[in-house]
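Have a look at the structure below, then the notes.
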Amino acid sequence: MRAKNIPASVWRNPIHFIAFGFGVGTIRIAPGTFGTLAAIPIYLLLQDLTLIFYVTCVAALFLLGVWICDVTSRDLGVDDHPGIVIDEIAGFLVTMTAAPAGWLWLLCGFILFRLFDIWKPWPIRIIDKKLSGGIGIMLDDIVAGILALLILQIIALYIIE
């Protein structure tokens, strides 16, 4: 099941392919949710890194994502195509920074990130409306990830302690 208005370049252009979450963004229903699901295996590969290396990888993904989203949105002529999901991948990885191990924490981080990404409370909504291009596409999800990270860490603090 492929999303409507998915350009053929997603399958031909490696930059578009990455922007669309390795093709996951072409799913018709809830591409952002599927993009976040696509982040789980990436997180599982990174979770055992030291905190500094984990944060470095996520920061590199953010910087690369800004460029990838900028190129893709410009090529497609659409500021924030719903199929571009590399921002969800990066935002979820932010959420899971220093998260406790286990599937329950993974699920909790997933739910928190999706809630903030969909709800878009302040300042996410302002970033989403005021910034465009690659930085706008990526930054609102990074801030959603930071808010979800804060809530996840507060929950962990009170449950683990």
Exercise. Among (1) surrounded by 20 or more Cβ atoms within 10 Å (Cβ to Cβ); (2) within 12 Å of residue 83 (Cβ to Cβ), which single condition is residue 61 missing?
Worked result: (2)
Exercise. Restricting attention to the stretch 59-114, which residues are assigned to a loop (DSSP other than H, G, I, E, B), under 26 Å from residue 160 (Cβ atoms) and free of Cβ contacts under 8 Å to residues at least 24 places away in the same chain?
Worked result: 102
Exercise. Somewhere in the stretch 116-124, is a residue in a helix (DSSP H, G or I) and under 24 Å from residue 47 (Cβ atoms)?
Worked result: yes
For this session: Would you check if residue 56 is crowded, with 21+ Cβ neighbours inside 10 Å, modelled with pLDDT of 95 or more and assigned to a helix (DSSP H, G or I)?
Result: no
Exercise. Mind checking which residues of the stretch 115-138 are surrounded by 21 or more Cβ atoms within 10 Å (Cβ to Cβ) and touching a residue at least 40 places away in the same chain (Cβ under 8 Å)?
Worked result: 117, 134, 137, 138
Exercise. Does residue 159 meet the test of being farther than 25 Å from residue 17 by Cα and out of contact with any Gly (no Cβ under 7 Å at 6 or more places or on another chain)?
Worked result: yes
For this session: Could you please find all residues in the stretch 96-114 being within 15 Å of the chain's Cα centre (by Cα) and either of a type outside the set (A, V, I, L, M, F, W, C) or buried (at least 20 other Cβ atoms within 10 Å of the Cβ) (or both)?
Result: 96, 97, 109, 110, 112, 113, 114
Problem set entry | Unmet criterion (only one of (1) crowded, with 19+ Cβ neighbours inside 10 Å; (2) within 22 Å of residue 70 (Cα to Cα)) for residue 17 | (1)
Problem set entry | Residue count for the stretch 2-53, restricted to those that are outside any helix (DSSP H, G or I) and closer than 22 Å to residue 118 by Cα | 13
For this session: Inspect all residues belonging to the stretch 119-131 and state whether any of them is among the β-branched types (Val, Ile, Thr) and under 25 Å from residue 23 (Cα atoms).
Result: no
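The values are calculated or read from the model by the stated rules, or taken from the named source; none is laboratory data. Please read these numbers as outputs of a predicted model, since none were measured by experiment. Here Cβ is always computed from backbone atoms with ideal geometry, including for glycine, and neighbour counts include all displayed protein chains.
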